[in-house]
2 protein chains.
Amino acid sequence: MSELSEDDRAAVSELRGAVMRLSRRLRHQRVDESLSPTEMAVLATLARCGSATPGELARKEHVQPPSMTRIVAMLEAKGLVHREPHPEDRRQVVVSRTEQADAMLAESRVKRNAWLAQLAEGLTDEERAVLREAAPVLEKLAHL
Amino acid sequence: MSELSEDDRAAVSELRGAVMRLSRRLRHQRVDESLSPTEMAVLATLARCGSATPGELARKEHVQPPSMTRIVAMLEAKGLVHREPHPEDRRQVVVSRTEQADAMLAESRVKRNAWLAQLAEGLTDEERAVLREAAPVLEKLAHL
DNA sequence: ACTAGGTAATGAGCTAAGCTAACGAACGTG
DNA sequence: CACGTTCGTTAGCTTAGCTCATTACCTAGT
């Protein structure tokens, strides 16, 4: 809420570059071969929220509604998600995950941990502590 | 170095989601309309290093060489970069930025600061401090 | 009750930005 | 001096988002 320091500007500039590069690597080194990072993110959101409409998901993932329609269609085709009409508003659709999705999320968590263990070997304990603190802040930033 | 704690796993999982969403927003809310984030990043790298070959740039940006060829071609077409034969190895090409690129970088820094000021209003001083610390770590992570 | 306007999801078509495979020119080494 | 290697590039493909247009449905005003 106060003025940005010169350090802040430099840091966020660095942040910008790092986030772009890191996202490219994450996109490439995906944990589960058959699922795009965004599809994965949608499943994670559904794991947090239980169920949601495509519009809500689009807003949460910062994607346009038509894109979310495609993503949900993909997930449904893969049997990971399940669409049913909204009880009160028949325009809307309620998306929720299947048991297969839960199994997939659990399995993928195992794989991801293996990959993370390997990646985190290059960081010191202090650096990991920094990231642990930074994660929620980045989350907040992404939703601002 | 040491074993990953449960907190670490949760944090990096959160990190993954945040980085993906944030990168999407960065890609969209670009500071300079006519330049993609990656082109911007290449110019920034050239600002740090002075000049480099396409191969070096590709490695630094974690992009395949053909992609870098396209990016450099774009930048050259826009008059922001300038290719000349390597003095000793005639296979290689040396890429360096033009005065126009320097002007553009300066101008874009102003715009970016305005955008950042607005974005950072939603964060507390503590959160900004966390990000300031986290930026170099993410940079390191991106290059691991 | 009916119509006007707004909102949700979707369909169609486009674009951006990466990738791989294949190639030609230039280098260095047995 | 010929052979494999490295560098940049070309060609063509894929993915994952976007916009614009459409359809179905809800809601408020008359």
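Looking at segment A:56-95 only, could you name the residues that are over 29 Å from B:Arg27 (Cα atoms) and more than 9 Å from DNA strand C (Cβ to nearest atom)?
Matches in segment A:56-95: A:Gly79, A:His82, A:Glu84, A:Pro85, A:Pro87, A:Glu88, A:Arg90.
Among the candidates A:Leu35, A:Leu22, single out the residue that is outside any helix (DSSP H, G or I), of a type in the set (A, V, I, L, M) and surrounded by 16 or more Cβ atoms within 10 Å (Cβ to Cβ).
Checking each option against the conditions leaves just A:Leu35.
When the residues of segment B:42-59 are filtered to those that are within 13 Å of DNA strand D (Cβ to nearest atom) and not small (Gly, Ala, Ser), which remaining residue is farthest from B:Arg97 (Cα to Cα)?
B:Arg59
Of the conditions (1) closer than 26 Å to B:Lys60 by Cβ; (2) at pLDDT below 80; (3) over 14 Å from the mean Cα position of the chain (by Cα); (4) not β-branched (Val, Ile, Thr), A:Glu3 fails just one. Which one is it?
(1)
Could you tell me which numbered condition B:Asp102 fails, if it satisfies all but one of (1) within 16 Å of DNA strand C (Cβ to nearest atom); (2) more than 9 Å from chain A (Cβ to nearest Cβ)?
(1)
Rundown of residues vs (1) under 21 Å from B:Leu22 (Cβ atoms); (2) facing another protein chain (nearest Cβ under 10 Å); (3) over 15 Å from the mean Cα position of the chain (by Cα), yes/no style:
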| residue | (1), (2), (3) |
| --- | --- |
| A:Ala11 | yes, yes, yes |
| A:Leu15 | yes, yes, yes |
| A:Leu26 | yes, yes, no |
| A:Met40 | yes, yes, no |
| A:Cys49 | yes, no, no |
| A:Glu56 | yes, no, no |
| A:His62 | yes, yes, no |
| A:Ala73 | no, no, yes |
| A:Glu84 | no, no, yes |
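Do we have A:Arg48 as in a helix (DSSP H, G or I), among the basic types (Lys, Arg) and not assigned by TED's automatic domain parsing to the domain that holds A:Val81 here?
Spelling it out, it is not the case that A:Arg48 is in a helix (DSSP H, G or I), among the basic types (Lys, Arg) and not assigned by TED's automatic domain parsing to the domain that holds A:Val81.
From the list B:Ala129, B:Ala106, exactly one residue is over 18 Å from B:Leu43 (Cα atoms) and more than 15 Å from the chain's Cα centre (by Cα). Which is it?
Just one listed residue meets the conditions, B:Ala129.
The values are calculated or read from the model by the stated rules, or taken from the named source; none is laboratory data. Owing to the predicted nature of the structure, the values given are computational and were not obtained by experimental measurement. Methodologically, a virtual Cβ is constructed for each residue, glycine included, from the backbone with ideal geometry; neighbour enumeration extends over all protein chains shown.
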